[in-house]
Amino acid sequence: MSALLQIRDVFVRFRLRGGIFSSVGTIDAVTGVSLDIEEGKTYGIVGESGSGKTTLARAVAGLHHASEGSILYRGQELRDLPEAEFRELRREIVMMFQDPIGSLSPRLTIKSLITEPFRIQGMGDRDLDTEAKRLLTMVGLPAEFAARYPYQISGGQARRVGVARALALDPKLLIADEPTAGLDVSIQGEMLNLLARLQDEMGLAIMIITHNLNVVRHITDTVGIMYMGKLVEEGPTEEVFARPQHPYTLALLAANPEPDPDAQLMRVELSGEPPSILRRPKGCEFHTRCPFVQPRCSTDVPVWTAAGEGAHRCHFPEIWTREEAVAS
Amino acid sequence: MAVLDIRDLSVSYATPRGALKALRDVTMKVPEGKITGIVGESGCGKSTLISAIIRLMAPNAKVGSGEVRFKGEDLLSRSEAEMRALRGTEISMVFQDPMQTHNPVLTVGRQMIDIQYRDKLSKADKRKRATEMLALVGIPDPQARLNQYPFEFSGGMRQRIAIAMALMAKPSLLIADEPTTALDATLEVQIIKRLRELQDEIGCSILFISHHLGVIAELCDEVVVMYAGEVVESGTVRDVFHNPAHPYTRALLECDPGHIKVRTRNLPTIPGNIPDLVSLPTGCIFADRCDVRYDACGARPVMATASSGHQAACHLIAEKEPA
């Protein structure tokens with residue numbers, strides 16, 4: 001069976017507006033990403049600021065226009081789909097935004113917020129009180145919350161309202177942009193547990209966008225690592241954590257300080273900062289920061305190479321996956 | 001001697017509903033030449049504590065009682081002019097958001113020269129010092145970059161500049177309020193390593209505020225755990241992280257997904273919410289959410305010694321303590 005969502009060689013390009021005298025150019029925020037999301041599974045996209053992960057998610061949700069490539073949902077092409085037709089699909093493909101309170105209108109009650117999807121989709125004739133109650137129960141909030149306003153609830157509760165609203169119409173694919181950013185660790189788990197439970201109950205496929213590897217580790221089946229608009233590694237989550245193939249993945253894993261002062265630090269330190277996507281480095285785009293850089297890396301572009309159950313974009317994964325290189 | 005010694009500090013905010021008791025009897029120290037971390041979740045009073053130390057409090061804040069001793073002298077009794085002379089020279093601060101710390105319309109060099117207004121040096125010497133400081137925090141080609149504007153630097157670079165500016169006057173105490181929260185993980189580790197090296201070189205003491213347990217474990221010598229306006233545990237990072245004495249610290253460590261190596265779809269959480277700081281519960285502040293609460297928790301616990309230099313505000317510790 002083919003995947004629920006198939007993304008093939010997608011580019012998202014933005015026009016760059018200069019000043020009066022400067023020329024107008026373009027920047028490629030996403031450059032040739034391909035990935036599959038299976039029904040009922042979770043795919044985690046990990047990357048740091050500016051890696052293009054949110055842009056990719058928004059392109060899937062039809063909020064950005066993909067300049068090239070194809071985005072197939074159940075075999076239907078989403079790229080260049082007219083807005084009127086996309087609107088129908090928004091029952092099945094829903095997006096949960098990053099800022100939980102900011103994405104809720106301060107003037108509407110929680111009830112109107114979580115039942116808004118019914119009205120938008122022309123199902124406003126349903127018993128909205130019952131629906132609101134059902135949705136609040138589903139995300140573990142008391143039914144009385146229906147009458148409250150967003151400023152009367154906490155950040156964690158606002159996230160739950162966001163989940164209720166996204167899942168109101170029983171979608172097939174949920175795109176969650178940083179679902180735990182800004183949450184305290186003591187309630188971060190609640191959010192992830194809730195998503196996992198609802199996935200099991202509803203058979204939902206989830207695309208999670210995050211910069212936090214700890215989030216990905218527990219909730220996703222497959223993980224893709226993005227750097228400068230490209231996937232640099234992809235694989236089954238456990239595989240990628242146990243045996244990363246790309247040095248950037250290793251650096252991300254190592255940059256996650258453990259809550260233990262005596263933890264054995266396998267620190268792979270990156271020098272410098274990510275280059276500007278306006279001036280992409282030649283060859284492997286990671287070579288300017290790679291601690292294992294070789295002469296070839298600055299000239300040849302590495303291709304997407306299958307390895308085990310995953311794939312990566314590195315010329316020399318064997319150089320640093322050798323144990324002595326990692327231990328030193 | 002401790003550079004900073006806070007004793008029984010209580011701060012409240014006037015709100016329409018009544019006094020919001022943001023800090024209650026907070027006692028903590030930053031020893032000379034050490035890095036002390038404060039860890040706690042939203043609403044634990046971290047920010048109120050910093051604003052009380054540097055005396056930049058909200059207009060509706062009121063210090064109820066206590067002392068903030070800096071090098072032996074109580075800051076709370078100082079005049080505003082005396083405080084102003086202290087800030088930036090003896091005590092300086094690095095804020096959370098590197099994007100908004102700098103003036104966007106002045107070059108970095110101009111800003112770094114301006115903040116040396118107290119020193120009677122020539123402009124060329126001030127510029128030289130600014131160059132040295134930028135080099136110290138690891139900005140390549142500092143001479144040329146002094147002529148650039150903040151927008152020409154990335155977030156990680158801007159935070160380095162903020163650190164350089166804070167350390168310019170070689171302060172005795174540097175307060176860093178979540179300085180790496182807005183940065184990506186690979187840049188976060190760079191900044192932390194640099195802070196550690198700078199502390200060795202300059203010899204200042206650092207009060208480092210974070211909600212990230214891993215960062216505290218890596219950077220700090222000692223740690224203070226706060227919950228809902230109270231200090232619930234303090235000690236060396238090793239003692240607190242390896243043998244947490246307070247149930248809140250224990251729960252917090254368990255919740256940190258960095259701790260959980262085996263894949264699980266059911267992550268630990270701390271059920272419940274922090275109590276309302278306007279109408280506080282009478283007993284232990286954490287009792288509501290604590291999984292080991294018992295009869296004694298109806299009364300407020302005092303700090304008890306778990307081991308030498310390691311204390312926690314829990315009745316269970318007080319019970320074990322030899323009389």
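The values are calculated or read from the model by the stated rules, or taken from the named source; none is laboratory data. Values in this document were obtained by computation on a predicted structure and should not be read as measured data. Counting neighbours? That spans all protein chains shown, and the Cβs are built from the backbone with ideal geometry, glycine included. We work out accessible area using only protein heavy atoms, side chains counted, and drop any ligands, DNA or RNA first. Shrake-Rupley method; radii C 1.70, N 1.55, O 1.52, S 1.80 Å.
Couple of notes before you dig in:
- Residue count for segment B:211-265, restricted to those that are touching a Lys or Arg at 6+ places or on another chain (Cβ under 7 Å), over 19 Å from B:Cys44 (Cα atoms) and more than 8 Å from chain A (Cβ to nearest Cβ): 2
- Sole residue being among the polar types (S, T, N, Q), touching a residue at least 12 places away in the same chain (Cβ under 8 Å) and surrounded by 22 or more Cβ atoms within 10 Å (Cβ to Cβ), chosen from B:Gln199, B:Gln159: B:Gln159
- Apart from one condition, B:Pro104 fits all of (1) within 27 Å of the chain's Cα centre (by Cα); (2) modelled with pLDDT under 90; the exception is (2).
- Some residue of segment B:308-320 being hydroxyl-bearing (Ser, Thr, Tyr), closer than 21 Å to B:Val240 by Cβ and surrounded by fewer than 17 Cβ atoms within 10 Å (Cβ to Cβ): yes
- For segment A:34-57, the candidate set comprises residues that are of a type in the set (D, E, K, R) and surrounded by fewer than 23 Cβ atoms within 10 Å (Cβ to Cβ); within that set, the residue that is farthest from A:Gly203 (Cα to Cα) is A:Glu48.
- Summed over segment A:215-245, the residues that are more than 20 Å from A:Ile277 (Cα to Cα) and either more than 7 Å from every other protein chain (Cβ to nearest Cβ) or not charged (D, E, K, R) (or both) give a count of 19.
- Taking the criterion of being assigned to a strand (DSSP E or B) and either in contact with a Leu (Cβ under 7 Å, 6 or more places away or on another chain) or surrounded by 17 or more Cβ atoms within 10 Å (Cβ to Cβ) (or both), the residues of segment A:71-110 that qualify are A:Ile71, A:Leu72, A:Tyr73, A:Ile93, A:Val94, A:Met95, A:Met96.
- Among the residues of segment B:248-276, those identified as of a type in the set (A, V, I, L, M, F, W, C), open to solvent by 20 Å² or more (accessible area, probe 1.4 Å) and not in a helix (DSSP H, G or I) are B:Ile260, B:Val262, B:Ile274.
- Considering residues of segment A:270-290 that are without any contact (Cβ under 8 Å) to a residue 60 or more places away in the chain and open to solvent by 60 Å² or more (accessible area, probe 1.4 Å) only, the residue farthest from B:Arg194 (Cα to Cα): A:Lys282
- Evaluation of B:Ala182 against (1) buried (at least 20 other Cβ atoms within 10 Å of the Cβ); (2) facing chain A (nearest Cβ under 10 Å) (one fails), failing number: (1)
- Look at segment B:304-316: where a residue is on the phi > 0 side of the Ramachandran plot and a partner is open to solvent by less than 20 Å² (accessible area, probe 1.4 Å), sitting 6+ places away or on another chain with Cβ atoms under 6 Å, you get B:Gly309/B:Gly235.
- Within the set B:Phe153, B:Phe208, the sole residue that is touching a Cys at 6+ places or on another chain (Cβ under 7 Å) and either basic (Lys, Arg) or within 14 Å of chain A (Cβ to nearest Cβ) (or both) turns out to be B:Phe208.
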